[in-house]
Amino acid sequence: MLRLKRITMRGFKSFADKITIPFESGFVSIAGPNGSGKSNIIDAISFVLGMTSAKQMRAQKLKNLIFNGGHKRKPAEYCEVSLYLNNEDKKIPDMPEEIKVSRKITKNGTSIYKLNSSTVPRRKIEEVLKVFGISSDGYNIIKQGDITKIIDMNPVQRRGIIDEISGIADFTEKKAKAEAELEKVTTRVNEMFLVIGEKEKLVERLKKERDAAKKYLDLSSELKIAKASLIKRQLEEETKKLEEVKKAIEEKDRAFKQYEQSFNEVDKQYEELEKELSKINNEILSKSRNLKIDLDMDKIRTEIIRTRDRIDYNNREIANINELMSRLSHGRDQNIIYSKLKEIEPGVYGTVYSLISTDPKYSVALEVGLGEHRNDIVVDTDGIALRLIRYLKQNKIGRARFIPLNKIRGQKKKNISGEGVIGPLIDLVEFDPKFEKAMEYVFGDTLVVDRIENARKIDGVRIVTLEGDLKERSGAMVGGYHKLRGRSSELANYSKRIKELEKKNESLEAHIKELEKKLAELEQSKSKESGIVVELEKKKKEIEEKMEKLKSGRKETFDLRLNIQTELNKLKISKARIEVSIDNLKLKMEEFKDVKKFMTLDREKLKNRIEVLVKEINALGPINLKAIDEFKTMNVEFFELKKKLEKLLEERDAIKKTADEIEQKRKAKFFSVFDQVRENFNKIYHDLTGGEGDLILEEPDNIDTGLIIQVQPKGKRVLSIDTISGGEKSIASLAFLFAVQQYSHSPFYIFDEIDAALDKENTLKITRMIKKYSKDFQFIVISHNDIMVSHADAVFGVSISDGVSKVFSIRLPRE
């Protein structure tokens, strides 16, 4: 049987000399007076078993365990204790039959462990002792005060003893870790719920924005188709109008040619009469003594008539050209507006285009340079402009842009030189100096160059080319094929023609004055004519009357021809306007070149549909087109978060399940030990007192609640350990400790004065119990009690002299 064979001490506490105490099997008692060093033997056993707390061995520090000297003895240099364990049954196969465990402490506090004389770490000693069920802090050693500790413990502390011997600390630690992990995961789950909640709100908002964006795109697509369809419809109608106008032009052109032919025939007749009149005049000259004078007078009169005819003809042509220019430069609506405004305000000068002229070679550049300012109306003051705007609003005539000379501020021209530069556009245009500010506003720093290739080399100004290309100050460029509007070319030619005619008229008027002066001089010298001359004059007068009738008829034919020409010009202007409209519509249609399918509605229904679509789009409010992609991305993130949440929930459930399984194993292990200790306690208490004892938990199924020791001494009712007498408490506490010891079997048990507080009766009960169990286990008991000592199988005495303890064997008589 495994047991403690002997102990050897040197320099340990009061044992200055080397002492060996052999321990027999069974019941060994150690007796001696107080202070002799009996308990030092227990401390020595705890020391060699690996106890690290000096205070538990009743010392301040480990080096205080070394013998400190006596009356005639010097302090020891070290202390050393060796235990010899019986291993004859080879419980540890690779160890000898006798195992020696040693521990040594030097004065500097160094602790040395040895196993069978070989230095080993403390851990190795603990591993070997564990095989025997021995430890320095095990319940096989009951020191002074341990029973009192049991009595003074609260129920939870008592339950802790069961936790300790059942070894559920590992389960408790695992459970704590699982619960800590569960708490972390639960926190993450709660955080994830919050995040998902916020994400869900965001996803819902983005979904609404996405739906609105999709609706916006659908409506915009339909609106684009509707606009394209309207432009296509307008283009078809304008094309049809153009064909009708072309047909009308052909008809008017034929009529014009007919009147032209009639006009030429009248001219032919007129020329014949002129010849006849010339012949008569010659006859008159030949027969008249004042023939030369009359001839000169006739020539002068004829020249005056012809000159006045030419002036009249030129004036009619100027009037006709002015009317055409007004229509060309203003357009129909602008002509009406300008005419109305000129009637109500004297300070209206005209449109910008009507106030300027230029060389025809600059016509294209001028047209592009003017841009939207072509039909701007120049007025004297801003007050006039304000009154005219109010007049247009009140009479619902139309809209116009006004340039008040007293307020308008333009941009000065920039003189820039370079390849292909012709000069500032304002320098290439002729106008009245009083309109200079207006022209600076219209043309600004616009520069004219020959080609767009040279324009791109110049920055910082607005540039037009002779071919009609445009480069803005920003760098944006507009160009391509430019079709000069017919009216622009005609206006330039008409303007030049008017100046030519006016100059001719001035010259003709001066010529008439000179002729009239000569005629007056000739009339003064003219004498009476002869009879033949009178007849000739009569005939001459008849011819002149015929010529006057032809002249009148010629004028009527001319007027008819002019009217047709005016109508023809109007048709040509209408044709040009329609062509411009078609060009603009085609240009607009370029924006919708990707539209392949068109609506078949008429123009009004298309306009109504466009209006409805615009209202629906506006009703949508601000649109976040990014919401389509953002919703897609966020929705993916939302579902990913939900997946993570599901995994976290699974992880939480798995941890909870693990914690529950650990708790089940912990409870199973606890109750396995608890039930055994409970059974041991009941049996031991019954053996000691003849009464009944029980161990219960404060909450029967909760192993974290306190342990209550209940006893029912023989002939008494059931009581808690906290309510019984002192002696009964000691017996109950010892029974509890014995029950614990029986569960955690040890080869030996050591009791230090456990009977100190017991009366003789209870001491006898304890003694008999120890005697009973000593058949199977080794008991080493320190006691003063004769009853206890007298029942021991072997007794050792301890005495002290000059501070040094001695040990001797005592043989007691046996009954």
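The values are calculated or read from the model by the stated rules, or taken from the named source; none is laboratory data. None of the values given here were measured: they were computed from a predicted structure. Here the Cβ positions follow ideal geometry from the backbone for every residue, glycine too, while neighbour counts run over all protein chains shown. Surface areas here come from the heavy atoms of the whole protein model, side chains and all, with no ligands, DNA or RNA. Shrake-Rupley method; radii C 1.70, N 1.55, O 1.52, S 1.80 Å.
Results, tabulated for the structure shown:
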{"item": "Ranking by accessible area, most exposed first, for 146, 211 with a 1.4 Å probe", "result": "211, 146"}
{"item": "Using alpha-carbon coordinates, inclination of helix 603-619 to the longest axis of the chain, degrees", "result": "30"}
{"item": "Whole-number D in µm²/s for the chain (Stokes-Einstein; Kirkwood sum over Cα pairs; 10 °C, 1.306 mPa s)", "result": "38"}
{"item": "Length added when fully stretched, residue 704-residue 176, from 0.36 nm per residue minus Cα-Cα", "result": "188.8 nm"}
{"item": "Simple Cβ-charge dipole of region 127-182, Lys/Arg +1 and Asp/Glu -1, about Cα centre, in debye nearest 20", "result": "140"}
{"item": "Assigned charges on the beta-carbon of Lys, Arg, Asp, Glu; the chain dipole about Cα centre (debye)", "result": "1260"}
{"item": "Distance-filtered residues of region 647-665 - backbone nitrogen under 20 Å, label point 7 angstrom along residue 189 Cα→Cβ", "result": "647-664"}
{"item": "Share antiparallel - DSSP beta bridges, the chain, percent rounded to 5", "result": "75"}
{"item": "Test item: Cα-centred dipole of region 746-787, Lys/Arg +1 and Asp/Glu -1 on Cβ, debye", "result": "280"}
{"item": "Leading residue at positive end of dipole, the chain (Cβ point charges), from 756, 385, 480", "result": "756"}
{"item": "Estimated distance in nm for a label pair at residue 58 and residue 636, the labels positioned 7 Å out from Cα along Cα-to-Cβ", "result": "7.9"}
{"item": "Degrees between helix 38-48 axis and first principal axis of the chain (Cα, 0 to 90, nearest 10)", "result": "40"}
{"item": "Value at 222 nm in deg cm²/dmol, rounded to 500, when DSSP H runs of n ≥ 4 in the chain each add -39,500 (n - 2.57)", "result": "-20500 deg cm²/dmol"}
{"item": "Principal axis dimensions, largest first and in whole angstrom, of region 721-783 by Cα", "result": "34, 22, 18"}
{"item": "Linear extension gain, residue 122 paired with residue 91, 0.36 nm per residue minus alpha-carbon span", "result": "9.1 nm"}
{"item": "Calculated FRET efficiency for the pair residue 459/residue 255, C-beta based, R₀ 60 Å, to 0.05", "result": "0.60"}
{"item": "19 Å cut-off, amide nitrogen to a point 7 angstrom out along residue 594 Cα→Cβ, residues in region 604-638", "result": "624-629"}
{"item": "Residue 316-residue 224 FRET efficiency (beta carbon distance; Förster radius 45 Å; 0.05 resolution)", "result": "0.25"}
{"item": "Inter-label distance, nm, simple model (7 Å from Cα along the C-beta direction), residue 583/residue 745", "result": "11.9"}
{"item": "Region 372-421 shape via C-alpha gyration tensor axes, a/c threshold 1.5", "result": "oblate"}
{"item": "Sequence-distant lysines (8 or more away, or on other chains) whose Cα lies within less than 19 Å of residue 227", "result": "215, 586, 588, 593, 596, 597, 605, 607, 615"}
{"item": "In Å, descending, principal axis extents of the Cα set of region 76-229", "result": "117, 41, 39"}
{"item": "Surface share of carbon and sulfur [accessible, 1.4 angstrom probe, percent] for the chain", "result": "49"}
{"item": "Within-12-Å neighbourhood charge of residue 29 [Cβ basis; K, R +1; D, E -1]", "result": "-4"}
{"item": "Label point distance in nm, residue 549-residue 810, each placed 7 Å from Cα along Cα→Cβ", "result": "19.0"}
{"item": "Among beta bridges that DSSP assigns inside region 420-480, antiparallel share in %, nearest 5", "result": "70"}
{"item": "Computed accessible area, residue 193, all protein chains, 1.4 angstrom probe, square angstrom", "result": "110"}
{"item": "Positive dipole terminus of the chain, leading residue within 242, 81, 511 (C-beta point charges)", "result": "81"}
{"item": "Column: log10 I(q)/I(0), Debye, Cα scatterers of region 175-229, q = 0.13, 0.18, 0.20, 0.21 Å⁻¹", "result": "-0.57, -0.72, -0.77, -0.80"}
{"item": "Residue (of 779, 703, 691) at the positive-pole extreme of region 689-815, dipole from beta-carbon charges", "result": "779"}
{"item": "For residue 652, solvent-accessible area (1.4 Å; no DNA, RNA or ligand), Å²", "result": "70"}
{"item": "Residue-normalised accessible area of the chain, expressed per residue, 1.4 Å probe, Å²", "result": "55"}
{"item": "Semi-axis lengths, Å, region 1-118, gyration tensor of Cα atoms, sqrt of 5 times eigenvalues", "result": "25, 18, 12"}
{"item": "Equivalent ellipsoid semi-axes, region 173-295, via Cα gyration tensor eigenvalues times 5, rooted, Å", "result": "110, 19, 7"}
{"item": "Theoretical gain in end-to-end length, residue 686 to residue 712 [0.36 nm per residue, Cα-Cα removed]", "result": "8.4 nm"}
{"item": "Solvent-accessible surface ranking, highest first, for 686, 71 at 1.4 angstrom", "result": "71, 686"}
{"item": "In Å², nearest 10: area of residue 546 left accessible to a 1.4 Å probe", "result": "120"}
{"item": "Angle between the chain longest axis and helix 531-590 axis [Cα atoms, degrees, rounded to 10]", "result": "10"}
{"item": "Cross-link partners of residue 434 among aspartates and glutamates (Cα-Cα below 12 Å; sequence separation of 8 or more within a chain)", "result": "380"}
{"item": "Region 569-681 - Rg (one decimal) and Dmax (whole number), Cα, Å", "result": "38.9, 134"}
